[in-house]
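So the structure is just underneath, and the comments pick up after that.
The values are calculated or read from the model by the stated rules, or taken from the named source; none is laboratory data. On a predicted model such as this, the values are computed, not experimentally measured, just so you know. Every residue, glycine as well, gets a Cβ built from its backbone with ideal geometry; the counts of neighbours run over all protein chains shown. Note: areas computed on protein heavy atoms with side chains; ligands, DNA, RNA excluded. Shrake-Rupley method; radii C 1.70, N 1.55, O 1.52, S 1.80 Å.
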Amino acid sequence: MNYIRRVEPYVPGEQPNFPDMIKLNTNENPYPPSPRVTQALERCTLESLRLYPDPTSHKLNKAIADRYGLEENQVFTGVGSDDVIAMCFLTFFNSRKPLLFPDITYAFYPVWAEMLRIPYELVPLNEDFEIVKEDYFRENGGIIFPNPNAPTGALLPLEAIEEILQKNPDSIVMVDEAYIDFGGASAVPLIEKYDNLLVVQTFSKSRALAGMRIGYAMGNAELIKALHDVKYSFNSYTMNRQVIEAGAAAVEDEEYFQSIVQKIIATRERAKKEFAALGFKFQDSMSNFLFVTHPECEAKELFEALKEKHIFVRYLKGARTNNYLRITIGTDEEMDALFAFLREYLKK
Ligand SMILES: *Cc1c(COP(=O)(O)O)cnc(C)c1O
C-alpha cells in the first residue's frame, strides 16, 4: 500500500506480571506513591467525570510551578514526559540543521526524530560513556540529552550545561531530567538566565506514579506558550480529572517524596559496593539504576538466567551496550535477592 507512514516504533520494557517477581527493568519506583494521592482520587467523584477536565490543568501546573519557584505560565504538563518530549520535538525542532543527542541515550529520541522527519546526528559519548560538552559547540537545529544520562546514569555538572546553553543561543537545549531527583543538580535555576533552555521532568520515577502518566516541561513563558499552542492544535484535554488531582497532591507532599528518594539513594550506594565486590563495572550512577557489565559473563545470558528466576532487568541492544544490563534500584530486600542470585551465578 502507498501513502502509509511506516515507522520503527520504540519498544518499551516488558511489563510481566508474576506475583513473585522482582521487577528491576523499567526504572519504576519500588515504593508506593504519596498516600495523599488516595485522598485526591476520592475527591474526583463519579459525577464529576461527566464533565471535561480543565484544559489548562491549572491545579497541577500551579502545584508544579510553586514547587520549583516558577510562574504557572512557565510549566507545561503532558501524558508522561514521553508525551511532553514528543510535543517539544514537534514545536522546537523545525530546522534543516541536525538535532544533536548522544549515541548512547534514551532510545526514544531517534524514534521521534524519524517519525517527525527531523534531521539528527548522534554525538558519541567518550570511552568512559561521558557526554563531552565541546561536541555540542557546533551548528545544530536543537540539542537534547538526559541528565543524568540514560542508560549510563552519568551526571553532567551544571557548569557544563550552562556552557552548552551559552554556545547555542539560537537553538533550544532540552535537558531531560527524568532521574535528576536521585542526586543531581537540576538545571531549573538556569531557566531565568537562558531563554533557550527547556527542562523536562516526570512523575514516573522519583514520584512513584508511572501508572498515572504525568510529565512536565519548564522553561520561559514564550517557549511554554508555543508548546501549549501546538498541544491545543492536537488535543486540548490530555490531562484528565484524576490525573490533575492526584498529580497536584503528589507534588505537594514534599516530605514523603524526600523520604522515598533518600531510601532509593541509600540502597543505590549500597548496591554500588555489592556490584563492585562481585566484579561488575559501571558508571558512578546518580539515577535510580546502574548500568553494569561483567568481564567474565555475557550480559544476554545473565539477563536470561535472571528472567528464569523472575528477576527482570533491562537488556538494551546496541553496538556499545550489548554486554551491559541496566538494573533498577529496588527495595533493599529485592536487591538482596538479586545479589544472592548473582553470588551463586558467578561461582559457576
Ligand atoms: C523514563 C524516561 C522518560 C519517560 O518517562 P515518562 O514515564 O513518559 O514520564 C523520559 N526520558 C527518560 C530518559 C526516561 O528514562
statement: Counted residues in the stretch 273-292 being open to solvent by less than 20 Å² (accessible area, probe 1.4 Å) and out of contact with any His (no Cβ under 8 Å at 6 or more places or on another chain) come to 8
- request: Kindly indicate which of G184, G211 is over 13 Å from the mean Cα position of the chain (by Cα), of a type outside the set (D, E) and in a loop (DSSP other than H, G, I, E, B).
  value: G184
task: Those residues that are surrounded by fewer than 24 Cβ atoms within 10 Å (Cβ to Cβ), part of a loop (DSSP other than H, G, I, E, B) and either within 16 Å of the ligand (Cβ to nearest atom) or among the charged types (D, E, K, R) (or both), I need them from the stretch 188-205; list them, please.
output: K193, D195, S204
message: Need the failing condition index for P148 against (1) within 13 Å of the ligand (Cβ to nearest atom); (2) within 15 Å of L197 (Cα to Cα); (3) in a loop (DSSP other than H, G, I, E, B), just the number.
response: (2)
field: Qualifying positions in the stretch 41-60 - of a type in the set (S, T, N, Q) and more than 16 Å from the ligand (Cβ to nearest atom)
entry: T45, S48, T56
field: Given (1) touching a Leu at 6+ places or on another chain (Cβ under 7 Å); (2) more than 20 Å from L198 (Cβ to Cβ), index of the condition N126 fails
entry: (1)
- request: Select from the stretch 74-104 the residues that are over 19 Å from L223 (Cα atoms) and open to solvent by 20 Å² or more (accessible area, probe 1.4 Å) and write down the one among them that is nearest to the ligand (Cβ to nearest atom).
  value: D103
statement: Quick count over the stretch 12-50, residues being in a loop (DSSP other than H, G, I, E, B) and without any contact (Cβ under 8 Å) to a residue 24 or more places away in the chain, is 6
